Amino acid sequence: MSLQFWKPGTVGPGSSLDRATETEENVVPSAPISSSLSISAARERLPIFKHREKLLYCVEKYGVVIVVGQTGCGKTTQLPQYLHEAGWSADGNIVACTQPRRVAATSVAGRVASEVGSILGDEVGYTIRFEDVSDKERTRILYMTDGMLFRETLIDPLLSRYSVIMIDEAHERSIYTDLMLGILKKIRRKRPSLRLIVSSATLDATSFLDYFTAGNSSDEATIVSLEGRMYPVQLAYLKEPAPDYVRKAAEVVWNIHLQQGSGDILVFLTGRDEIEQCLEDLSEMLPTLPRNAMRLKVLALHAGLTTDEQLAVFEPAERGTRKVIVSTNIAEASVTIDGIKFVIDSGFIRTYNPSTSLSSLVTIPVSQASSTQRAGRAGRTSSGICYRLFPESAYTRLPLTTPPEITRTDLTTPILQLKSLGIDDLMKFEWVSAPPAESVLRALEGLYAAGMIGEDGRLTPTGEKVAECPVEVNIARMLFSSKEHQCGEEILTIAAMTAIQDVFVIPDGAAGALAELERRKFTAEEGDHLTLLNAYNAFTRYGKSSSWCKSHALSFRAMSRAISIRAQLKKYMQRFNLPLESCQGDAKRLRKCLVSGYWRNGARWVADGTYRSVRGDTTLHVHPNSVLFTRKPRSGWVIFHEMEETKKTQIRVLTEIESDWLLEHGHKYYDKRTGASVSQGNRSVLASSRWPWPRLQQPHSPSTSRLLPAPMGAGQSTPHADEKVFSSEIPIQFSQDVVNQLSDHTASPDPPPERQSSIDAHVRSRIQAELARLREEEAQVKTEIERALEKENLDREREMAGAASTEEGEEGIAGSVKSSAALMGDLEEVRKKVERFHSRHELEGYAAVQAKGEAVVSCYKNHASTPLDCWREVSEFKTSVAQVEQQYVHSLR
C-alpha cells in the first residue's frame, strides 16, 4: 500500500536515500520557520511579498515570465501560493513547480503545506521517482523533479492538467531542465493558455528571454527582477596560487577568527572528503586558541549528514561563539543561511567529467557567475568580505557561466525518452544549449548496440518499453534480459538495491570494526551485487525488523526504501510480461544477466592492484566499501555500477565476470573480408597465431589488423587483409592489452588462475627497461673514464715534451686521476649489479623460456595448415614464462 499522506515536520519516507541524491546533495533547502513569528507575518517579511501584484499581472499578460531573484527572497515557496490564491488552480487545474533535486522537492512541499495549513499529500503534494505523495483529485500545488514532469509528457504530451508550470533553479541548467524548456516551448505553440515561469537566482536571464522570443512575438516573454537583501561585499584575493586550497581555507578561517570582528564564516569546498579534511585541520588548531578569543563552532554541510546535523547550521551561534560552516556548492544557491559575514571561496566545484566515455565526477574551476553568487552569501545580513583562494588574474580566466549539464553528461536515457515522445530528428529540436555532437553520437551508438533503436534510428519494440521504465537504460536492459537468463526475482532485487545508497552503516573506531564483521556475513565471493542481494534476502527473511538491521550494520530506512522501489519495478515487469523466476542460487546465470546491462562498464585487473576500463583504458581504483577492495577477482575481470573522480578515479559496486561474457554483449569478432561474426570455435586460431606475445598492430597501419566500427559509426574504410580481428560493435577505442587478453582468453575457455599474469607483458617490459637502464649507465661511465684518461695522457705528453705545468694544471691532473679512479670503482659496481641481475633472472629460467619458444616456432613451421596441433608447445611456453615472471616478482619483494 503506497503512502498517501505525510505529516509536516516528520521524517520523510526514505526519499533521501536514493543513490542519485549523493550527487544531487541531500540537504535541507532552508532554515525552519521561526517560532517567534506567525506564518503570515513570516511570509510578509519576505522580499517577494511587495512584488505579488506585479508578478500576477505579468503571469496574466505574458506566456513566459522569467523571474530573477536571490536565494532566500521566497520565490520557490510563495509564488505557487500566490497563483493558487489568485485562482490559477481552480476548475481542477494544478500549479506545478519543478526542482532539479528530489530532496528540495520533498522539503519545500512540506514547508508550503504547513504554510497553507494542510497535510502533505492533500492540497499540497510532491512527486519524485519511486514516490508519489499527492492526491489526483485534491492536490492543487504540486512540487516535482523536472525529470518526473518530463516523464509525464510521455502520458500527456500537452500536460493538459497544469495551468501554470514553474521551472525553479533554472540557472543550474540540469539536463532535464533544458529538455523541459524545449518541450514546453513546443507545448506553448499548441496550447497558448499554459503559463510558464522560469525562476533563476543569477543574472543570466537574457539568454532565456532570447530563447523564448526566438520564432515568437516579443510579447511572448518578459523578465521580472526581485530585489534581495544585499549589502556591499569586499573581495580579497591571494597574491600567489595555493598548492593546497583545503589547508589554505583552514588557515584563512583561523586568521579571520583571530583578527576580524563578529560574524559567521562560510567555506565552499568541493565534496565530503575535502570538508572532513578541513574540519580535521581546524580541530588541530583549536587547542592553540587564545583564552580571550571567541569560541569556534565548526559545522559541516553536505549530503552525507542526517537531517538533524544539517539543521544545526541554521541555529544561531551562542553568545561569544563564532560559527564556521564548511559546505559544498549546495550553499551557493539552494540554501539560505543567515548570519554569514565572511565567505571563503576555494574556486572549485565537483561536476561530471565530459572528457571520458564513462560517467564520472571531476573537480574543475568554478565559473565567474558561481563565484559571484558565492560572494553574495556574505552580504545577506550586513556588509561582508569574500576571500577567494586564487589570484585576481585567475578570476578573469574563469568561464563566464557554468556549462549546462547537457554538454557534459551521458545522453543515452534522455535521447531514448525524446524518441519515445516522437522527436526522432534531434537536429531540429529547439535546444536551449545544443549538446556536443560526440555525446549525441555516442548515445545513439549505445542505444543501437543495446537494441533500443534500429538502423533507421527509430525505437524498437524493446526500446519503447524501456523508455517507460523509471530507471537507467542499462538497468532496464538487465531487467528485460532476465527472461532469457531465468533470474527475474534476483535481478529485480539487485535493480532496487543499486538505486539506494549507504545500505551498510559502518561508523568509525571500534564500532566500525564490529560493523565490518557483521557486513562480512552477507559478503558474496562474486562481488557487491550479490552481496546486496544477500542483504535484502536476509532482511525480508527475518521480518524486516529495525532492531535486526541495527544489530547487523544495515540501514533500516535504506532497506525499507529498497522494498518500496522493488514493488514499483515489479509492476513494470508484470506489465511487460517478464517472468519473475528465481535462478535457484545459480550465480553464473545471474552474473551473465548483469553483464547484459553493464557490458559497457567492464574493467580488467592489472598487477599493481588497479583496474583498466574496457572503454578508454582508464586507470580505476576500487572504492574502499567494495567487497573486492582487498581481493583480486579470480578471472581478473569485473563489471561496475558507477564511478567517480576524487583524488583518483574510483569504481563502486563491482562483480566478478568472465571475459567471454563481454563477447556476447557488444564486443565481437568480425571477419574483415565478409563482415560476418566469427564462430566461437575459430577464435582460438586468432589467439594462438601471434606467438610469442599476442599483439594487435596499431589501428592506423593499412596492412595490419585494426578495430572495425559498427554500422552506426561515422565511416568505414576498405579492409586490406583477409584475417579475423577483435573489434567492438560500436566505435569505442580499446587498448591493445584488453583486446589481446580477451582473444587469448577465449582460446582456452577454462584457464588456470596463474595464466592471467602471463598474458600481460608488464613484467617482461620492466625487465627489459631495467636492463636497458643498466647498460646505458655502464656506457655513460665508460665514456667518462675514457675522457678522463685521455686528458691524463695529454697532460703527461706535455710534461715529457718539457712544457711547464702550472700549479693549476697539476691540480687538474690530480683531480683527473682521482676522478678516473672513482669512476673505475663506479664501473665495477655497475658491472656487479648487471652480473647479479643476469644471474638472478636470465640464468635461472630465461634459457628455458627461449628453448620453449623455439619449440613453438618449430611446431608452427611443421604444422602450418593445422596450427591447433601446437597447443601443447604453446601451453608449455606460457607456463615457463609465468614461472620466470613469478621469480622476478618474488625477487623484487
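For segment 15-226, what D do you get in µm² per second when you plug the Kirkwood radius from alpha-carbon pairs into Stokes-Einstein at 25 °C and 0.890 mPa s? For these conditions, the coefficient is 142 µm²/s. For segment 511-618, what log10 I(q)/I(0) values come out of the Debye formula at q = 0.13, 0.20 1/Å, with one point per alpha carbon and no solvent? With one equal scatterer per Cα and no solvent, log10 I(q)/I(0) is -0.69, -1.21.
The Kirkwood radius of segment 239-294, taken over pairs of alpha-carbon atoms, gives through the Stokes-Einstein law at 20 °C and 1.002 mPa s a diffusion coefficient of 174 µm² s⁻¹. Overall shape of segment 77-130 was characterised from the C-alpha gyration tensor. The equivalent ellipsoid obtained from it has semi-axes of 18, 12, 11 Å, in decreasing order.
Count of lysine pairs in segment 233-406 with Cα atoms under 17 Å apart, counting only pairs 8 or more residues apart in sequence or on different chains?
Lysine pair count for segment 233-406: 4.
Computed on the Cα atoms alone, the convex hull of segment 108-231 gives a volume of 136 cubic angstrom per residue. For segment 15-226, DSSP calls about 10 percent of its internal beta bridges antiparallel. The protection proxy used here, the mean number of other Cβ atoms lying within 10 Å of each residue, ranks peptides 395-403, 619-627, 598-606 as follows, highest first: 598-606, 619-627, 395-403.
Placing R0 at 41 angstrom, the Cβ-Cβ distance between LEU158 and ALA42 gives a FRET efficiency of 0.65 after rounding to 0.05.
Dividing the C-alpha radius of gyration of segment 488-553 by 2.2 N^0.38 Å, with N its residue count, gives 1.11. Using only Cα positions of segment 403-520, each an equal point scatterer, no hydration layer, compute I(q)/I(0) via Debye at q = 0.14 Å⁻¹ and quote the log10 values to two decimals. Debye intensities relative to I(0), on a log10 scale: -0.71. Which log10 I(q)/I(0) values does segment 469-522 give at q = 0.17, 0.19 Å⁻¹ under the Debye formula, counting every alpha carbon as one identical point scatterer? The Cα Debye sum returns log10 ratios of -0.66, -0.72. Expressed as a fraction of 2.2 N^0.38 Å, the value expected for a compact globular protein of N residues, the C-alpha radius of gyration of segment 233-406 is 1.02. Peptide packing: for 489-502, 309-322, 440-453, the average count of neighbouring Cβ atoms within 10 Å per residue gives the ranking 489-502, 440-453, 309-322, highest mean first. An ellipsoid equivalent to segment 414-592, defined through the eigenvalues of its Cα gyration tensor, has semi-axes of 36, 19, 14 Å when rounded to whole angstrom and sorted largest first. Annotation: peptides 165-175, 117-127, 48-58, ranked by per-residue average of other Cβ atoms within 10 Å with the highest first, follow the order 165-175, 117-127, 48-58. As a calculated quantity, the FRET efficiency between THR288 and GLU392 at R0 = 35 Å, using C-beta atoms, amounts to about 0.65. Taking every lysine pair in segment 414-592 that is 8 or more places apart or spans two chains, those with Cα atoms closer than 16 Å amount to 10.
Each value in this text was obtained by applying a stated rule to the coordinates, not by laboratory testing. What you are looking at is a predicted structure, and each value in this text was computed from that prediction instead of being measured. For neighbour counting, all protein chains shown are included, and Cβ atoms are generated from backbone atoms with ideal geometry for every residue, glycine included.
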